[in-house]
């Protein structure tokens, strides 16, 4: 299959998905969300694939959202947007195959959020994590949904309220990452893990994922109802304008 924003390769029972917008540091756009979900659908239907790897081309895993691609001037656009975002996250969590995030560089906003949906996270020692949405009048809903469960309320409060950046080792220390490896060893280490996992019992792996992610639909149904309110705020409109004008937004809490 051909995609605009990602690459998909299948080899020896392992599917590798690359975010492929290196000129934009693999920032997430509406098309990227759609491409990712379509690739996961293809993988789910392919019985020869046992393990999935998610990584990025270039110097970034994903440096966040491509704000210039979003439109929230009407409530319905906010609803459609968050439904589009939710699909690949839910798909990763309900996919009956393990998904490994190979974090090769910057993982901000969406980049951090999508790792929390994955089953295992291996990071390069050059990787950095963080959520910057608060600086743009928005909230990192993916990180809020899964972050407290993974690493605890205090860490996620600090990360999301301050927009702080975590090094790979700091991310490992709080539970965002399973293992940190030298940059040039990232893909060899991830492939080693994938090779081992593809030997596992597929039914057991499927059930493990289903138990761990049993609240997925409930969480995202709530999000689809709540997020359009944020998108339609004056603060978000101001942040979009400020982004285009290359200045800091002036928030009024409305």
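The values are calculated or read from the model by the stated rules, or taken from the named source; none is laboratory data. All figures in this text were calculated on a predicted structure; none of them were measured in a lab. Here the Cβ is made from the backbone with ideal geometry for all residues, glycine too, and neighbour counts use every protein chain on show.
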Any hit, the range 188-208, residues being at positive phi and part of a loop (DSSP other than H, G, I, E, B): no
Top-ranked residue in the range 60-119 [being part of a loop (DSSP other than H, G, I, E, B) and at pLDDT 95 or above; ranked as nearest to the chain's Cα centre (by Cα)]: 118
Restricting the range 159-187 to residues that are in a strand (DSSP E or B) and buried (at least 19 other Cβ atoms within 10 Å of the Cβ), the residue that is nearest to the chain's Cα centre (by Cα): 166
Residue 53 being outside any helix (DSSP H, G or I), at pLDDT 90 or above and at negative phi: yes
Residue within the range 124-131 that is in contact (Cβ under 8 Å) with a residue 40 or more places away in the chain and surrounded by fewer than 22 Cβ atoms within 10 Å (Cβ to Cβ) present: yes
Hey, residue 134 without any contact (Cβ under 8 Å) to a residue 60 or more places away in the chain, surrounded by fewer than 22 Cβ atoms within 10 Å (Cβ to Cβ) and over 16 Å from residue 32 (Cβ atoms) or not: yes
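Condition first: more than 30 Å from residue 234 (Cα to Cα) and out of contact with any strand residue (DSSP E or B) (no Cβ under 7 Å at 6 or more places or on another chain). Can you find one or more residues in the range 78-92 that meet it?
Within the range 78-92, one or more residues are more than 30 Å from residue 234 (Cα to Cα) and out of contact with any strand residue (DSSP E or B) (no Cβ under 7 Å at 6 or more places or on another chain).
Return the total of residues in the range 123-158 being part of a loop (DSSP other than H, G, I, E, B) and modelled with pLDDT of 95 or more.
Residues in the range 123-158 being part of a loop (DSSP other than H, G, I, E, B) and modelled with pLDDT of 95 or more: 3 in total.
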Tabulated pairs, the range 41-61, first without any contact (Cβ under 8 Å) to a residue 60 or more places away in the chain, second surrounded by fewer than 15 Cβ atoms within 10 Å (Cβ to Cβ), C-beta under 6 angstrom, 6+ apart or interchain: 42/1; 57/22; 58/22
Single residue of 193, 208, 156, 141 found to be without any contact (Cβ under 8 Å) to a residue 24 or more places away in the chain and surrounded by 17 or more Cβ atoms within 10 Å (Cβ to Cβ): 156
Residue count, the range 209-235 (criterion: assigned to a helix (DSSP H, G or I) and at pLDDT 80 or above): 6
